[in-house]
Amino acid sequence: MDIKMKEEFLNYIRTAIAQTNFRLRGYVVNSNGIFYPQRSAYFTFKSFIDDYINGNTEPRWIVMPGLRGVGKTTLLAQLFLNVLHSPNIYKFYLSIDEVMKRFNASLWDVMEAYEYLLGIRLEQIDRKMFLFFDEVQYDPGWDSALKTFYDRTKNIFILCTGSSAMLLRKQISSDSARRAHFEELYPLSFSEYLKLKFKDKYSVENPGSDIRNAIFNANNSKDVFESLKSIEADVKKYWMNLDILEVNQFLKFGTIPFSLAIREEAVILNQLDHILQKIIYNDIPMISNFDKETLNKIYRLIYMLSDSSEISLTNLSRFLEISKDTVSLILKTLENAGLLYRIAPYGSHYKQVRKPFKYLFATPSFRYLLLCERESISSFDNFKGKLLEDVVGLYLRRILKNRSDFSLTYDSSQQGADFILKIKGKKIVVEVGYGEKRFKQVEFTLKRIKGDYGLLLSESQACEVGENMLNVPIHYFLLI
C-alpha cells in the first residue's frame with residue numbers, strides 16, 4: 001500500500017474496532033431490541049471459549065465452516081458480545097470479505113494495522129486475545145497468516161468462518177490443519193427452528209435424544225418400537241400446542257435462520273436466489289476455474305437436480321452441451337461449495353462407479369426455491385417428499401458426523417430404499433414415505449442387503465411395527 005492508502009486503511013481498522021459492538025448488535029437483536037435466542041451450536045462454540053479462558057490451551061484455533069445463510073455471522077456476534085465481556089482481554093472482529101473488497105488487504109495487513117493501533121506486538125501481549133474473522137476464504141493466504149498468529153503467542157484464540165467445509169479444507173495446508181479444529185455449522189434442526197421462532201413461548205423439553213437412541217441403538221424393529229412407545233407421552237406433550245403445519249414451514253424455509261424474520265414468502269425466495277447466485281459466481285470460482293459460459297450453466301444444472309435426486313452424467317452433459325468430465329467437476333465443486341452432498345449407491349466400489357450418485361441439497365430451502373420455478377407455490381404437496389428427503393439426509397449427516405463406525409449409502413435398484421445406514425456393524429434401511437406408505441421399498445432393500453431392520457418415515461400419527469420393519473412418524477424423527 002502507498003502511504004495515503006495505508007493511512008486510510010488504518011482509519012478503517014480504527015473505526016471498525018470502535019464500532020464493532022454497535023455493528024454486531026444488529027445481528028443479535030430484532031427491530032424491537034429483543035435479543036435472539038441462542039441455537040444449540042452457540043453452546044458448543046461457547047464451551048471452546050470458556051475452556052480457553054479457564055486455562056485449557058487447546059483447541060484455540062476454531063474454524064467454523066457453513067453454507068451461506070446458516071447464521072455464521074450471527075453466531076459470531078452472539079459469542080463476541082455475550083461471552084467476551086471481560087475488560088481484561090483484547091477482542092477484535094472483522095469481515096475479511098469487506099476488507100478484500102475495499103482495500104484488497106490480506107490478514108497480514110489487518111494484523112499489522114491492529115498491532116500498530118494497540119502499540120504492542122503479539123509476542124508481548126500479557127492478556128488473552130480473541131480474534132474473530134468472518135469469511136476468511138476471500139484471502140487465499142488465510143491459513144498461513146492465522147497459523148503464524150497462532151504460533152506467535154499462547155495468549156491468542158482464533159475463531160474464523162468460511163462458506164463451506166470442503167472449500168476451507170481445500171485451502172488449508174496440512175501444517176495448519178494440525179493446529180485448527182473444524183466445527184461445521186449446519187442448517188437449523190426442527191427443534192432449533194421452534195426455539196428461534198417462538199423464543200421463550202416454547203420451552204417443552206425435547207425427547208429427541210431418547211428418540212435418537214431408540215432408532216440407532218436397537219437390535220431390531222421390535223426394540224425400536226418398544227423404546228418409542230415408552231416415550232410416546234413425551235412426544236405428544238411436545239407437539240400438544242404445535243400446529244402440524246409448522247413442519248411445512250420448516251421444510252420450506254425453517255432450516256435457514258434469516259427467513260424467520262421475514263413474513264413475505266416472495267421476499268425469502270428472492271433472498272435465497274441471491275445467496276444461490278453468490279455461491280455460483282463468488283464461491284465456485286475460488287474452487288474451480290470455470291469460464292463464464294460454464295458458470296452460467298451451473299444454475300441450469302442445479303435446476304435439473306432439484307426435480308430428481310439421481311440423474312445420469314450423460315443426460316446432464318447432453319442437456320447442458322458440455323462434456324461429462326465438466327459435469328462431473330461441476331457436481332464435485334457444488335459439493336465443495338456446500339450446496340449439495342452426494343450419497344453413493346450401496347455395494348462394492350466397482351458397483352458404486354457404475355451406478356449414479358444421489359445428490360441431496362444441504363438445505364431443502366434451495367430445492368424449494370428451484371421447484372417453485374417449475375410449479376405454483378400452492379402445489380407444495382407435489383414435492384414435499386423431496387424436501388423431506390433432504391431434511392432426513394441433513395439429520396443423518398449432522399447426528400452421525402463424528403462416528404467412525406458410520407456410513408451412508410442408498411439402494412440404486414428401481415424399487416430400492418432412500419438410505420442405508422451402517423452403524424456399529426448393523427445395517428438399517430430408511431425410506432422417506434411421504435404420501436402413500438412404501439413398506440415395499442424397505443422390504444425389498446432389507447432382503448437384498450440382508451439388513452438388520454428397516455424404518456419407514458411417514459406422516460402417520462402412530463408407530464406401527466411389522467416383521468423386521470417399523471413405521472416411524474416423521475414428527476418423531478424431526479425431534480432427534
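Details
- Looking only at residues in segment 443-464 that are aliphatic (A, V, I, L, M) and surrounded by 18 or more Cβ atoms within 10 Å (Cβ to Cβ), the one that is nearest to Leu387 (Cα to Cα) is Leu457.
- Qualifying positions in segment 3-27 - surrounded by 12 or more Cβ atoms within 10 Å (Cβ to Cβ) and either of a type in the set (Lys, Arg) or under 20 Å from the mean Cα position of the chain (by Cα) (or both): Lys6, Arg14, Arg23, Arg25, Tyr27
- Matching entry among Lys384, Lys324 (being surrounded by 17 or more Cβ atoms within 10 Å (Cβ to Cβ), more than 20 Å from the chain's Cα centre (by Cα) and of a type in the set (Lys, Arg)): Lys384
- Sub-7 Å Cβ pairs linking a first residue in segment 439-464 that is in the same structural domain as Asn219 (by TED's automatic domain parsing) to a second residue that is assigned to a strand (DSSP E or B) and modelled with pLDDT under 90, at least 6 apart or interchain, are Phe439/Gly466, ordered by first then second residue.
- If only residues of segment 187-205 that are part of a loop (DSSP other than H, G, I, E, B) and surrounded by fewer than 21 Cβ atoms within 10 Å (Cβ to Cβ) are counted, the one that is modelled with the lowest pLDDT is Tyr202.
- Condition check for Tyr395: aromatic (Phe, Trp, Tyr) and either over 19 Å from Ser221 (Cα atoms) or assigned to a loop (DSSP other than H, G, I, E, B) (or both): yes
- Selection count, segment 158-179, where residues are surrounded by fewer than 22 Cβ atoms within 10 Å (Cβ to Cβ), in a loop (DSSP other than H, G, I, E, B) and in contact with a strand residue (DSSP E or B) (Cβ under 6 Å, 6 or more places away or on another chain): 1
- Residues of segment 53-65 that are at pLDDT 90 or above and either over 16 Å from the mean Cα position of the chain (by Cα) or of a type in the set (Val, Ile, Thr) (or both): Ile53, Asn54, Pro59, Arg60, Trp61, Ile62, Val63.
- In this structure, Leu388 does satisfy being modelled with pLDDT of 90 or more, in contact with a Leu (Cβ under 7 Å, 6 or more places away or on another chain) and either more than 18 Å from Phe216 (Cβ to Cβ) or in a helix (DSSP H, G or I) (or both).
- Within segment 203-221, not a single residue is closer than 22 Å to Thr73 by Cβ and of a type in the set (A, V, I, L, M).
- Number of the exception - Glu226 against (1) at pLDDT 90 or above; (2) outside any helix (DSSP H, G or I): (2)
- Qualifying residue in segment 387-399 (condition: touching a helix residue (DSSP H, G or I) at 6+ places or on another chain (Cβ under 6 Å), over 26 Å from Phe250 (Cα atoms) and either in the same structural domain as Gly347 (by TED's automatic domain parsing) or not aromatic (Phe, Trp, Tyr) (or both)): no
- Look at segment 249-276: where a residue is among the aromatic types (Phe, Trp, Tyr) and a partner is surrounded by 15 or more Cβ atoms within 10 Å (Cβ to Cβ) and not in a helix (DSSP H, G or I), sitting 6+ places away or on another chain with Cβ atoms under 7 Å, you get Phe258/Gly69.
- The set of residues from segment 278-306 being of a type in the set (Ser, Thr, Tyr) and either at positive phi or in a helix (DSSP H, G or I) (or both) comprises Tyr281, Thr294, Tyr299, Tyr303.
- Residues being of a type in the set (Phe, Trp, Tyr) and out of contact with any Gly (no Cβ under 7 Å at 6 or more places or on another chain) - total across segment 411-438: 1
- Every pair of residues 6+ apart whose Cβ atoms lie under 6 Å, when the first sits in segment 175-190 and is within 14 Å of Lys147 (Cα to Cα) and touching a residue at least 60 places away in the same chain (Cβ under 8 Å) while the second is among the hydroxyl-bearing types (Ser, Thr, Tyr) and surrounded by 19 or more Cβ atoms within 10 Å (Cβ to Cβ): Arg179/Tyr150
- In segment 405-413, the condition of being among the β-branched types (Val, Ile, Thr), buried (at least 21 other Cβ atoms within 10 Å of the Cβ) and within 21 Å of Leu360 (Cα to Cα) is met by no residue.
- Among the conditions (1) more than 20 Å from Ser40 (Cα to Cα); (2) in a helix (DSSP H, G or I), Phe253 misses just one, which is (1).
- The residues listed here are Arg23, Arg39, Arg68; of these, the one that is out of contact with any helix residue (DSSP H, G or I) (no Cβ under 7 Å at 6 or more places or on another chain) and modelled with pLDDT under 95 is Arg23.
- Lone unmet requirement of (1) part of a helix (DSSP H, G or I); (2) in contact (Cβ under 8 Å) with a residue 40 or more places away in the chain; (3) farther than 23 Å from Leu369 by Cα for Glu335: (3)
The values are calculated or read from the model by the stated rules, or taken from the named source; none is laboratory data. Keep in mind it's a predicted model, so treat the numbers as computed, not measured. Here Cβ is always computed from backbone atoms with ideal geometry, including for glycine, and neighbour counts include all displayed protein chains.
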